[in-house]
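A.B. asks: To start, I am sharing the structure in question, which I have written as structure tokens.
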Amino acid sequence: MDVPTGNFQDLPLWRRQVAAMAVGLLEEYHRPLLVPMTLVEAAYLDEIIAAVGGIAVRHFYLDVPRDVLVQRIEGRTMTPDDPGRDADVRAWCGAQIERCRATTDRLPTGTVFLDGRQRVPELTAAVLEHLGRAPSVRR
């Protein structure tokens, strides 16, 4: 689908579907739901939170240093069968870094800041701790 702005989050249908999927997953599984995404437009975050109704939402911000973020973006492969498209997507993501990082001072009250230099297990433990849940041990 062609998105004139180049950002799928500008599509009202996308925002409605995110909210509908979140509600559906919560109703089906009755467990905390983590939705990893960057919402730069505060109005979009407000819209999605309003659409999920009375569901408690906790907002986490993964504070990743710019150099680490660039490294992660450059290491991504989204469309392995189309290297040109992959390069375009990485370039678009890289061009969004400053705009995304500039929103830090406008995050919702109560946002939990996480150190983006940490590894996934440490980040998982930190999120679970904030949710009041102990991490489960996988065997």
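A.B. asks: With respect to Tyr44, is the statement that it is without any contact (Cβ under 8 Å) to a residue 60 or more places away in the chain, of a type in the set (Ser, Thr, Tyr) and under 28 Å from Ala125 (Cβ atoms) true?
C.D. replies: No; evaluated as a whole, the condition is false for this residue.
A.B. asks: Can I ask one more? Residues Arg90, Arg85, Arg117: which one is at pLDDT 90 or above, of a type in the set (Lys, Arg), open to solvent by 50 Å² or more (accessible area, probe 1.4 Å) and not in a loop (DSSP other than H, G, I, E, B)?
C.D. replies: Values: Arg90 fails: open to solvent by 50 Å² or more (accessible area, probe 1.4 Å); Arg117 fails: not in a loop (DSSP other than H, G, I, E, B).
Residue meeting the stated conditions: Arg85.
A.B. asks: For segment 25-54, name all the residues that are part of a helix (DSSP H, G or I) and exposed (fewer than 12 other Cβ atoms within 10 Å of the Cβ).
C.D. replies: Once the filter is applied, which keeps residues that are part of a helix (DSSP H, G or I) and exposed (fewer than 12 other Cβ atoms within 10 Å of the Cβ), segment 25-54 yields Glu27, Glu28, Tyr29, Ala43, Ala50.
A.B. asks: Which ones in segment 1-24 are hydrophobic (A, V, I, L, M, F, W, C) and surrounded by 12 or more Cβ atoms within 10 Å (Cβ to Cβ)?
C.D. replies: Leu11, Trp14, Val18, Ala19, Ala20, Met21, Ala22, Val23
A.B. asks: With the requirement that a residue be assigned to a helix (DSSP H, G or I) and either under 20 Å from Val68 (Cα atoms) or open to solvent by less than 90 Å² (accessible area, probe 1.4 Å) (or both), what does segment 93-114 give you?
C.D. replies: Cys93, Gly94, Ala95, Gln96, Ile97, Glu98, Arg99, Cys100, Arg101, Thr104
The values are calculated or read from the model by the stated rules, or taken from the named source; none is laboratory data. Note that the structure is predicted; figures quoted are calculated from it, not measured. So basically every Cβ, Gly included, is an ideal-geometry build from the backbone, and we count neighbours across all protein chains shown. These area figures cover heavy atoms from the full protein model, side chains too; ligands, DNA and RNA do not enter into them. Shrake-Rupley method; radii C 1.70, N 1.55, O 1.52, S 1.80 Å.
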